[in-house]
Amino acid sequence: MQISEELKSEALVIVASGRIDSNTASQLEAVLPERVQVNDATVMDLSDVAYVSSAGLRVLLKGAKIAKTTGHKLVLSGLSPSVQEVFDISGFTSIFAIEPDISSALVAIS
């Protein structure tokens with residue numbers, strides 16, 4: 001998995017690509033919880049993520065909980081149909097703000 005970060009419109013955009021599974025979730029865990037804690041608004045772009053396992057869902061949930069307790073915003077964007085299905089089946093669709101792309105996510109957090 002590759003992770004990159006960029007500031008856009010006063011929000012941090014974290015872009016992940018590849019798979020978020022038991023082998024790579026620790027890479028995201030090293031970044032996401034800290035970033036949502038210190039940034040008022042974070043967009044997690046998953047448009048290049050082909051697969052999210054339960055380990056990946058756990059890291060994303062951890063980020064959402066930290067964002068909520070600190071009063072910050074976390075918005076997910078660009079879920080592929082297969083990743084969207086994982087979120088739907090697990091019930092995570094109701095936990096996260098999810099937008100179709102980065103532009104929509106930036107509007108949603110402003």
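Okay, here's what the table says:
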read-out	value
Test set (1) more than 19 Å from residue 92 (Cα to Cα); (2) part of a helix (DSSP H, G or I); (3) out of contact with any helix residue (DSSP H, G or I) (no Cβ under 8 Å at 6 or more places or on another chain) - residue 6 fails condition number	(2)
Looking only at the range 52-66, and only at residues there that are among the small types (Gly, Ala, Ser) and within 11 Å of the chain's Cα centre (by Cα), the one that is nearest to residue 93 (Cα to Cα)	64
Matching residues, the range 2-11, being surrounded by fewer than 19 Cβ atoms within 10 Å (Cβ to Cβ) and among the hydrophobic types (A, V, I, L, M, F, W, C)	3, 7
The range 34-51 - residue that is within 11 Å of the chain's Cα centre (by Cα) and not in a helix (DSSP H, G or I) and, of those, surrounded by the fewest Cβ atoms within 10 Å (Cβ to Cβ)	47
Residue in the range 1-17 that is at pLDDT 95 or above and of a type in the set (Lys, Arg) present	no
Flag for residue 45 being closer than 24 Å to residue 23 by Cβ, in contact (Cβ under 8 Å) with a residue 24 or more places away in the chain, of a type in the set (Asp, Glu) and out of contact with any Pro (no Cβ under 7 Å at 6 or more places or on another chain)	yes
Enumeration of residues in the range 63-110 that are buried (at least 16 other Cβ atoms within 10 Å of the Cβ) and basic (Lys, Arg)	73
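The values are calculated or read from the model by the stated rules, or taken from the named source; none is laboratory data. These figures come from a predicted structure and were not determined experimentally. Positions of Cβ are generated from backbone atoms using ideal geometry, with glycine treated the same way; all protein chains shown enter the neighbour counts.
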